[in-house]
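Since the structure comes first, as structure tokens, the remarks are kept for the end.
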Amino acid sequence: GESCFADRRHPVVVAVMARALRVLALSVMIIARSLALDVDFAASCERLLGGNPVLCAALAAKIDATTAADLGISADCASDLLSFVSRTDTTAQLARYASAPLPLLAETVLGLVISAVNGTSEASTEDVVAEFGTFLALHGTSLGDRGACASLDGYTYFVVARQDAFAPAFGLCLPSSCSVRDIHRLAVEVLPSVRVRDDRYRLKLDAVGHVMVAVCFVLAALAVLATGVDLLSERLQTTTPRRTTSRQSRISTDAADATASSSFWDEQQHTSYSPLHDDEEFKAEHRGPPPSNTKAPAPRPPRTQTSCLSAALRCFSLAVSCDEWQQRRGGSLACLDGLRVLSMLWVIFGHTAIWPIFAPSFANFEAIVPIEGSKTTSFFEKWEGQILPSAEFAVDTFFWLSGFLATHIVLKKKHVVLTSPARLVKFVPVAFLQRYLRLTPTYAFVFFMWWKVEKTFGRGAFWAQQRPQYQSCAKYWWTNFLYVNNLHPWNEPGTCYGVTWYLANDMQLFLVFVPLTVVAYQTCGPKWTLGGLAASCAASMGFAWYLADEFKLSFATFDTSDYFNDYYQRPWTRAPAYLIGVAAAIVWRHAQPSLDENGRLVVLLPKGASADVLMLLALGLGATVVFGCYPFNQDSPSTEPMWKNHLYLVFSKPAWCVAVSVIALLSFAGRGGLVATILEAGPMAPLAKLTYAGYLIHPAVLDYLFRSRETQLVTFSEIWYLVTFLGVSVIVFLAAFAVHITVESPLLRLEKLLEERLGGRGGAGRRASSSSTGSGDASSSSRSSSSSSRASLALGASFLGSSAAGPPPLLESTPSIEIA
């Protein structure tokens, strides 16, 4: 192409022509003729190229000089390809029909380019290039008919595609005697960076996969055994009035009898959201001690002595897990359940559209993405379509939740003081360890099930897209469990189960900002702390602007910038959402209803019409952020000025979190109105407990749905999108429920039991001493190094249970655990 058209002085067309010839050579007809030149080739070539004998002669000479041995393919494959080209029987014709119609593509593209070069077209070179780009974008991927090819005896379905992407890609139905290696050797003659897969591609269980299958059987056996023992024990204990109370009391009693409870257990017997719902409830709770004639609470029934093994077994009871899952917390912070569920659904909504683009594509790509030259109005160009690219804000909501709950829980602990370096040094590793132990088991279970077991579920040319991820995990799986997979490898982070970049960010932000915030709050007070948080947020935003300007980053989904690597998954650019959540917790601590010295209720947050106006302003700000990306999605790539792009990139996420803060604070104070009613609806609490497992599971569901399809190309429509999103959501939450009751909830109860056994000996005596002396503050609890360590342990547990907001779960159903 370059030698023939270099003298035409159309450098753009020369480059396009060279690329077109390489792609077109992947046609099964051209591949077959590279082995033997048929007698009609010269005539066909001249007709196709508009009577260009020079190029045809060059191609003929190249083909004549090429043999099967030179290409390194098997003799059987070469023979069958030659026979396939010349055969006219029904099976061979069906096989050609099941392949991509590349001869038609060749004639169209070459005719388009040659007419511009020869001057026979009135269109300018730029118009030709634009038209060619549109054509390639819309029709460059042609996968043929995989199902039809699979039904033909003696033929196998192959996919030839670029090494670094799955578009353009071509489906070829070729003789089964040809292996992937044979077709790859033919393809690399014209396209060096190419990959080939066939329908025979399948992965098998390795040693780790067999271990994971065994783990599943063990967990299932434990669940059945524990549930049977629990139900039998319940039947024998006929004196308990309520089944739920009986199960919970038995679990608590078993834990207490197996080992002395820690002080943290007592303080966190009910770690649901704050019991405050409205002013009257708050007054009733703070009216002082009860009258003297109030009856004393009834003594607890005597505890039944049980073994530690029995208590550990009952942790796996499905009955207990289901009872806890159904419980509602209530309280002033109940709206956070709704935020979690809606954010999780928003993540699934966004990924349901993104996954088919890379697995491998939409048949009508122009229906979702704006393409120059297309007359179709894409989904991204519509106002309602902005909800799709704005799904990024769901992750910012998770960061906000994490920062808020981590700070909220620790600030409630009056006995915890981190004003000295020694206390801080003791706290951080303990908090990290306990948080790690709470989050990692479920994470590891889902991760290895996806990597080592689910890979055997699918097969075929498109399931091979999973192989690069599996290869990356073989090298870097350890970064996931050290929570640094968003930083290493530096230029390709997050390539092993990509969605887990969030967990790494959350862990890093937790370890840095929560301890520093507590220290600043206890030493400098709330005003200086809020000022420091604001300065940190501004510094992060300023650095984000610098990165966007320096590296020309664009947040637009289909712009070709390194936005994901340089901005999206780095903790220093995602920190503002977390910091605003931390600040909201401090504001709520000082703005929530309280009683003054005269016993009157003081509410600092606005109420009545002022609260309604503030809520409307917050909703308006959130809507502005969501639909503010509309101008940037009218073209692909976006044609908006870069300074506008950077302005939205830097300020949209903090603005969204400010809106979330206002909505949440008003809902906490009972001023949320209809918004709070929706967020606190009955189903929200149980579903919120599934968000951690759901976040981890949903990529595996999407992988199997879109990459093991019999018909690969997806035809996009808004109805298809809605139905697929709802179906995926149901599957994800059902799978998350199964993981929650068999893995997540039992292991958390078991972890708590072990914590009490290892860290709570002597706790009962300490509690008795503490109650007799009235000493429960931080100073008395830290008079010795051992009590200080216990306080750090308790605080670490509270952090761990509260600050993994985001996708991590809500497991407040476990008496002393509150995991966001």
- Where a Cα-Cα gap under 21 Å defines reach, which lysines qualify for K204, not counting those fewer than 8 residues away within the same chain? K452, K455, K475
- Whenever you get a sec, line up K382, K475, K752 from highest to lowest accessible area (probe 1.4 Å, protein heavy atoms). K475, K382, K752
- Query: In nm, to one decimal, how far is the Y436 label point from the T715 one, both placed 7 Å along Cα→Cβ?
  - Reply: 5.3 nm
- Task: Could you calculate the contour length gain from H590 to K375, that is, 0.36 nm times the residue separation minus the distance between their Cα atoms, to one decimal place in nm?
- Result: 71.8 nm
- Task: May I ask you to give the solvent-accessible area per residue for segment 612-682, in square angstrom, as obtained with a 1.4 angstrom probe?
- Result: 42 Å²
- Task: Could you please state how large a percent of the accessible area of segment 496-569 is carbon and sulfur, counting protein chains only and using a 1.4 Å probe?
- Result: 68 percent
- Query: If each of T624 and A221 carries a label point 7 Å out from its Cα toward its Cβ, how far apart are those two points in nm?
  - Reply: 6.2 nm
- If ligands, DNA and RNA are left out, what is the accessible area of F457 with a 1.4 Å probe, given in Å² to the nearest 10? 120 Å²
- Message: Which GluC sites (Glu not before Pro) in segment 643-734 sit in a loop by DSSP (not H, G, I, E or B) and have at most 16 other Cβ atoms within 10 Å of their own Cβ?
- Response: E710
- Keeping all protein chains in place, calculate the accessible area per residue for segment 409-472 (probe 1.4 angstrom), answer in Å². 37 Å²
- Among L604, F651, A548, whose Cα lies farthest out toward the positive end of the dipole of segment 540-656, if unit charges sit on the beta carbon of Lys, Arg (+1) and Asp, Glu (-1)? L604
- Query: Which stretch or stretches of segment 391-412 have amide N atoms under 16 Å from the point lying 7 Å from L604's Cα along the Cα→Cβ direction?
  - Reply: 408, 411-412
- Message: Report the gain in length on full extension from Y470 to K644: 0.36 nm times residue separation, minus Cα-Cα distance, nm rounded to one decimal.
- Response: 58.8 nm
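The values are calculated or read from the model by the stated rules, or taken from the named source; none is laboratory data. Here the structure is a predicted model, which is why all the values come from computation and not from measurement. Note: ideal-geometry Cβ built from the backbone for every residue, glycine included; neighbour counts use all protein chains shown. The accessibility values were calculated without ligands, DNA or RNA, using every heavy atom of the protein model including side chains. Shrake-Rupley method; radii C 1.70, N 1.55, O 1.52, S 1.80 Å.
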